[in-house]
Each structure stands twice: as C-alpha cells, then as structure tokens.
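*Asks:* To start, I am sharing the structure in question, which I have written as structure tokens.
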Amino acid sequence: MEVLQRTANRGSISTGNYEIDNSCKFESDNSEYLSRTPSSAGNRKTWTFSGWVKRTEIGSGGNIILSAGDTYIQFDGNALQINFRAASENFFIITNRLFRDTSAWYHIVVQCDTTQGTASNRAKVWVNGVQETSFSTSTYDNMSQNYDTLMNSTNEHEVGKYSNEETTYANFFNGYMAEMHLVDGTALEPTSFGEFDDDSGIWKPKAYAGSHGTNGFYLDFKDGSNLGNDASGGTDFSENNISAADQSTDTPTNNFATLNQLQLDGTVINNSATI
C-alpha cells in the first residue's frame with residue numbers, strides 16, 4: 001500500500017491564531033510564473049527558502065524557485081531536486097523519496113550555508129518538518145567552503161518556472177504555492193516557519209517573525225490584483241500570464257479535497273518510498 005505519512009498536511013489543520021488565507025495557482029499550459037531581478041546582490045553564501053506547495057500533476061516535474069538557471073529548487077519528475085551551482089559544476093541534492101500526493105500540501109525548507117566547515121552542513125532540506133537524508137544524488141558535498149550560489153544575486157529570480165539562457169527549456173510548475181519566504185543572510189530551520197500539531201502530529205504553518213534580509217521576500221498572495229506583491233516590503237515580482245483568477249483559497253490551513261492521481265481506477269500504486 002502507498003505509505004501516507006502523518007507529517008503530510010492533508011487536512012484543514014487548526015493553527016490557533018495563524019491561518020493562511022490564499023495561495024497562487026500555477027499552470028504550465030498558460031506559461032505562468034513570477035519574476036524579479038534584484039538591483040544589488042545580497043548574501044549568496046547563506047540563505048533559507050521556505051514554501052508550501054500542492055501539486056496538481058505528477059511525473060512531469062516543475063520548478064519552484066530559480067536564479068539564473070543555475071541555483072534552483074524543483075521537482076525532477078516526482079523527486080525533489082535542489083542545485084546550488086553558480087557555474088558549470090553541479091552541486092545536487094536529489095531525494096530518493098517521491099512526492100506524488102496531489103491531495104497534500106508539502107512544506108519545503110532548503111537551508112544553504114556554505115560558510116560551514118563541514119561539507120554536509122552546507123546544504124540541508126526538510127519536508128513537513130522532517131529532514132531529508134536519503135538521496136539518489138548528493139554531490140552538494142563537492143561545494144567548497146564559502147562558495148557563492150546565484151540565489152540573492154543580481155540575476156533574474158523566477159517562481160514557478162525554470163529558464164536557461166542557453167536553451168528554450170522551461171520547466172513550469174503545475175499546482176498551488178503558498179506562504180513563500182526567501183530569507184537572505186540567515187540559515188534557518190523549519191521551526192521558524194512551522195510546528196507539529198500537539199493532537200494530530202501533523203506539521204502545520206506558523207507566522208515567521210524574523211527579517212528577510214537584503215534580497216529576501218515574502219509572497220502571501222493576498223492581493224488578487226498584485227499576486228507578485230512582496231509582503232516583506234521589498235520589490236514586487238512581475239506577473240507573467242498570471243491574473244486575479246489564479247488567486248485561490250486552497251491553502252495549508254484550508255486544504256480542498258482533490259482527486260488523487262495515484263488511485264484513479266481504485267488501485268493504489270505501490271511504492272513505499274513515495275507519498
């Protein structure tokens with residue numbers, strides 16, 4: 001049987017005083033994405049990404065956030081893939097675990113801190129509060145100390161799309177995104193953005209109370225007329241083929257029932273490494 005972990009956010013979990021009102025729906029057929037180019041560089045060595053995603057299609061991949069085609073977080077098919085490179089070398093994390101549950105919200109936190117003396121501490125990833133440690137590829141160990149990624153650089157940053165100046169390839173995301181943070185200059189753990197529910201044990205969001213730094217951002221998707229609004233006070237993202245119709249109330253604290261693509265004909269796909 002398909003393994004369904006309690007740490008996958010599948011229901012409308014009460015969070016007390018903190019609720020997420022809106023998300024943004026991205027559709028690859030419409031080439032929908034957000035983009036912004038920082039005017040000056042921030043901290044390229046130390047940063048944290050936190051975001052909630054709910055996939056609507058599986059198997060085809062989909063980029064979550066990218067800087068200049070070289071530093072990115074995306075689904076590679078159904079695995080989670082993070083690349084920290086800034087040039088020709090690839091510093092990959094690719095999970096053995098697959099993410100194919102289209103009824104669940106996944107909270108992804110990626111921590112980069114290349115100032116660390118121990119290579120394995122320079123890149124970490126958590127999903128729903130649990131650190132990922134099983135990888136099909138883990139060449140991030142090859143990153144040198146104090147390596148500069150392209151996150152927080154003056155290159156274009158994109159949400160929902162992968163683009164490469166050398167090719168016409170574009171890996172658009174299919175699904176919902178909510179509560180998206182990029183924290184420039186600080187290496188944070190998921191407890192800055194979420195916590196386990198005392199009763200159910202399910203991972204749930206909480207308000208982030210810290211700074212976002214020079215080039216960080218916070219996308220809360222509350223303004224339907226400006227879904228690229230940076231609620232942290234920074235420069236807004238440009239909306240590319242995105243309109244008010246893409247604003248949704250399907251969120252990690254108000255999870256809508258959706259068709260499970262793993263059980264379309266009543267048969268559950270068997271893959272114990274998959275949720």
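The values are calculated or read from the model by the stated rules, or taken from the named source; none is laboratory data. Nothing here was measured: the structure is a model prediction, and the numbers come from that model. Virtual Cβ from ideal backbone geometry, glycine too; neighbours counted across all protein chains shown. Note: areas computed on protein heavy atoms with side chains; ligands, DNA, RNA excluded. Shrake-Rupley method; radii C 1.70, N 1.55, O 1.52, S 1.80 Å.
*Asks:* Quick check on Leu66: is it modelled with pLDDT under 95, farther than 21 Å from Asn226 by Cβ and either open to solvent by 40 Å² or more (accessible area, probe 1.4 Å) or out of contact with any Leu (no Cβ under 8 Å at 6 or more places or on another chain) (or both)? Walk me through it before giving the result.
*Replies:* Details: modelled with pLDDT under 95: yes; farther than 21 Å from Asn226 by Cβ: yes; either open to solvent by 40 Å² or more (accessible area, probe 1.4 Å) or out of contact with any Leu (no Cβ under 8 Å at 6 or more places or on another chain) (or both): yes.
Yes, satisfied.
*Asks:* Could you tell me which residue of region 109-164 is nearest to Gly213 (Cα to Cα), considering only residues that are touching a helix residue (DSSP H, G or I) at 6+ places or on another chain (Cβ under 8 Å), among the hydrophobic types (A, V, I, L, M, F, W, C) and without any contact (Cβ under 8 Å) to a residue 60 or more places away in the chain?
*Replies:* This residue is Ala123.
*Asks:* Exactly one of these conditions fails for Thr15: (1) in contact with a Pro (Cβ under 9 Å, 6 or more places away or on another chain); (2) buried (at least 23 other Cβ atoms within 10 Å of the Cβ); (3) at pLDDT below 95. Give me its number.
*Replies:* (2)
*Asks:* Going residue by residue through region 267-275, is there one that turns out to be surrounded by 20 or more Cβ atoms within 10 Å (Cβ to Cβ), at pLDDT below 95 and assigned to a loop (DSSP other than H, G, I, E, B)? Before you say what the answer is, go through the steps one by one.
*Replies:* Going residue by residue through region 267-275, those that are surrounded by 20 or more Cβ atoms within 10 Å (Cβ to Cβ) are 275.
Among the residues that remain, those that are also at pLDDT below 95 are: 275.
In the following step, the residues that additionally are assigned to a loop (DSSP other than H, G, I, E, B) were identified as 275.
Checked against the condition, which is being surrounded by 20 or more Cβ atoms within 10 Å (Cβ to Cβ), at pLDDT below 95 and assigned to a loop (DSSP other than H, G, I, E, B), region 267-275 yields at least one hit.
*Asks:* Continuing with this model, one more query. Within region 80-89, does at least one residue satisfy the condition of being over 18 Å from Gly216 (Cβ atoms), open to solvent by less than 20 Å² (accessible area, probe 1.4 Å) and part of a loop (DSSP other than H, G, I, E, B)?
*Replies:* Of all residues in region 80-89, those over 18 Å from Gly216 (Cβ atoms) come to 80-81, 83, 85-89.
When the remaining residues are screened for being open to solvent by less than 20 Å² (accessible area, probe 1.4 Å), the result is 80-81, 83.
Those left that are additionally part of a loop (DSSP other than H, G, I, E, B): none.
Scanning region 80-89, I find no residue that is over 18 Å from Gly216 (Cβ atoms), open to solvent by less than 20 Å² (accessible area, probe 1.4 Å) and part of a loop (DSSP other than H, G, I, E, B), so the answer is no.
*Asks:* Going residue by residue through region 90-103, is there one that turns out to be closer than 22 Å to Asp220 by Cβ, open to solvent by less than 10 Å² (accessible area, probe 1.4 Å) and of a type in the set (D, E, K, R)? Steps first, answer last, please.
*Replies:* Applying the first criterion (closer than 22 Å to Asp220 by Cβ) to region 90-103 yields none.
The answer is no; no qualifying residue exists.
*Asks:* I would also like to ask the following. State whether the residues of region 108-128 include one that is buried (at least 20 other Cβ atoms within 10 Å of the Cβ), of a type in the set (A, V, I, L, M, F, W, C) and farther than 26 Å from Phe221 by Cα.
*Replies:* Here is the first cut: in region 108-128, the residues buried (at least 20 other Cβ atoms within 10 Å of the Cβ) are 108-112, 114, 122-128.
Retained after the next criterion (residues that are of a type in the set (A, V, I, L, M, F, W, C)): 108-110, 112, 123, 125-127.
Within this subset, residues satisfying the condition of being farther than 26 Å from Phe221 by Cα are 123.
Yes; the residues of region 108-128 include at least one that is buried (at least 20 other Cβ atoms within 10 Å of the Cβ), of a type in the set (A, V, I, L, M, F, W, C) and farther than 26 Å from Phe221 by Cα.
*Asks:* Sticking with this structure for a sec: Looking at region 116-132, which of its residues are of a type in the set (Gly, Ala, Ser) and part of a loop (DSSP other than H, G, I, E, B)? Even if it seems obvious, please write down each step before you answer.
*Replies:* Taking region 116-132 as the starting set, the residues that turn out to be of a type in the set (Gly, Ala, Ser) are 117, 119-120, 123, 129.
Listed by number, the residues that qualify are Gly117, Gly129.
*Asks:* Moving on to the next point. If Thr191 satisfies every condition in (1) touching a residue at least 12 places away in the same chain (Cβ under 8 Å); (2) closer than 23 Å to Ala87 by Cα but one, which is the exception?
*Replies:* (2)
*Asks:* For Phe172, which of the numbered conditions (1) modelled with pLDDT under 95; (2) more than 28 Å from Ala245 (Cα to Cα); (3) in contact with a helix residue (DSSP H, G or I) (Cβ under 7 Å, 6 or more places away or on another chain) fails to hold?
*Replies:* (2)
*Asks:* Out of (1) closer than 17 Å to Asn22 by Cα; (2) touching a residue at least 60 places away in the same chain (Cβ under 8 Å); (3) surrounded by 15 or more Cβ atoms within 10 Å (Cβ to Cβ), the odd one out for Ala257 is which?
*Replies:* So the condition that Ala257 fails would be (3).
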